[in-house]
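Have a look at the structure below, then the notes.
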Amino acid sequence: MTSKELVSQSINQNSASNSPLNASTSARETWETENNIESILGPVDEYFKYDVKVHQSIVNAKPWEKDPHYFKCIKISAVALLKMLIHARSGGNLEVMGLLIGKVAHQTMIVVDSSPLPVEGTETRVNAQAEAYEYMTTYKEVVARVGRTENVLGWYHSHPGYGCWLSGIDVSTQLTNQTYQEPFVAIVIDPIRTISSGKVNLGAFRTYPVGYRPPDDGPSEYQSIPMDKIEDFGVHCKHYYSLEVSHFKSVLDKRLLDSLWNKYWVNTLSSVSILAQPDYLAGLTKDLAEKVEHAGSSVSQR
């Protein structure tokens, strides 16, 4: 179901009472269902309690050095997810970047929060400059003062309209982070495809060590890569792997989640017409035409 259909359905269901609140609530329930947001009904310590000793013992053991596929899954809180979505959509067609806060539990990475970084991006790339790294250091110091002891667990950035994968620059950035800041994960989110489908378009990745040859994993989940990105995607797609992604929420973050959803909902109402924008549709049509032409040329040369 697209965001436009989601909004229309919610408004129609509540037209009798003409209540924006009911429409927002209905849309949120649909969004949580579409994205499989798990509600934590029992103890939440497993997700939110940070044990410095346990974390440090894992860091000291460095199990990922023996097994490049050590981390298999990543769990992302709904709060962190909505923060990333709001930030990514605020950038429009420009890439944005931010921090992931959390911890590790065995072979699972748990993201409990996210925070934007003051990084300048373009329509094709985003780089962490000196001011971004300085901000990261200051951020860690400030959150520690208010009792937040979780570590920076990774970074996220957006790919507006061209899917979730790591470019050559992304691979280099993630490889550097894994060398000096383990454990570390990279998340890529596509705000435009998220708006068009109503389901969050997001991927989580870790890079392989230099020189490592991964086994043939077989075909991965299909995603459309724009023609002008295919070469970059193909050259580097064997340098990293994807983690299984899931999302969760708890009663502890209900108030914050309510506030974030209201902001996200307003932004959704103001941008549901994105598929009707000439530039977006023209870009999709042009990309499809180029792929058909390329496929035809390849066949004729055989």
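Taken over segment 132-155, residues that are surrounded by 15 or more Cβ atoms within 10 Å (Cβ to Cβ), of a type in the set (V, I, T) and not in a helix (DSSP H, G or I) amount to 1. Checked against the criterion of being under 30 Å from D51 (Cβ atoms) and at pLDDT 90 or above, segment 117-140 has no qualifying residue.
Being modelled with pLDDT of 95 or more and out of contact with any Cys (no Cβ under 8 Å at 6 or more places or on another chain) is a property that does not hold for Y180.
Annotation: M227 fulfils all but one of (1) outside the structural domain of V152 (by TED's automatic domain parsing); (2) at pLDDT below 55; (3) within 25 Å of G91 (Cβ to Cβ); the unmet one is (1). Yes or no: A23 assigned to a helix (DSSP H, G or I), at pLDDT 85 or above and of a type in the set (A, V, I, L, M)? In short, no.
Taking segment 40-67 as the range and being outside any helix (DSSP H, G or I) and either outside the structural domain of K254 (by TED's automatic domain parsing) or within 13 Å of P183 (Cβ to Cβ) (or both) as the test, the residues that pass are K62, D67.
Filtering segment 195-222 down to residues that are touching a helix residue (DSSP H, G or I) at 6+ places or on another chain (Cβ under 9 Å) and in a loop (DSSP other than H, G, I, E, B), which residue is modelled with the lowest pLDDT? Spell out the reasoning first.
Within segment 195-222, the subset touching a helix residue (DSSP H, G or I) at 6+ places or on another chain (Cβ under 9 Å) is 195-202, 205-210.
Of the ones still in play, those that are also in a loop (DSSP other than H, G, I, E, B) are 198-201, 208-210.
Details: G198: 78, K199: 88, V200: 93, N201: 94, Y208: 95, P209: 92, V210: 88.
The selected residue is G198.
Among residues of segment 144-171 being of a type outside the set (G, A, S), out of contact with any His (no Cβ under 8 Å at 6 or more places or on another chain) and in contact (Cβ under 8 Å) with a residue 60 or more places away in the chain, the one that is farthest from V245 (Cα to Cα) is T149. The residue that is modelled with the lowest pLDDT, counting only those in segment 38-81 that are farther than 24 Å from R213 by Cα, in contact with a helix residue (DSSP H, G or I) (Cβ under 8 Å, 6 or more places away or on another chain) and not basic (K, R), is V44. Is it true that P160 is of a type outside the set (A, V, I, L, M), touching a Lys or Arg at 6+ places or on another chain (Cβ under 6 Å), modelled with pLDDT of 80 or more and more than 22 Å from H55 (Cα to Cα)? No; evaluated as a whole, the condition is false for this residue. Hey, any hits in segment 169-186 for a residue that's under 11 Å from the mean Cα position of the chain (by Cα) and among the aliphatic types (A, V, I, L, M)? Scanning segment 169-186 turns up at least one residue that is under 11 Å from the mean Cα position of the chain (by Cα) and among the aliphatic types (A, V, I, L, M).
Could we say that V119 is assigned by TED's automatic domain parsing to the domain that holds G154 and surrounded by fewer than 15 Cβ atoms within 10 Å (Cβ to Cβ) here? So that I can check it myself, show each step before the final result.
Values: assigned by TED's automatic domain parsing to the domain that holds G154: yes; surrounded by fewer than 15 Cβ atoms within 10 Å (Cβ to Cβ): no.
Answer is no for this residue.
The values are calculated or read from the model by the stated rules, or taken from the named source; none is laboratory data. Just so you know, these numbers come straight off a predicted model, no measurement behind them. Reconstructed Cβ throughout: ideal geometry from the backbone, glycine too, with neighbour counts over all protein chains shown.
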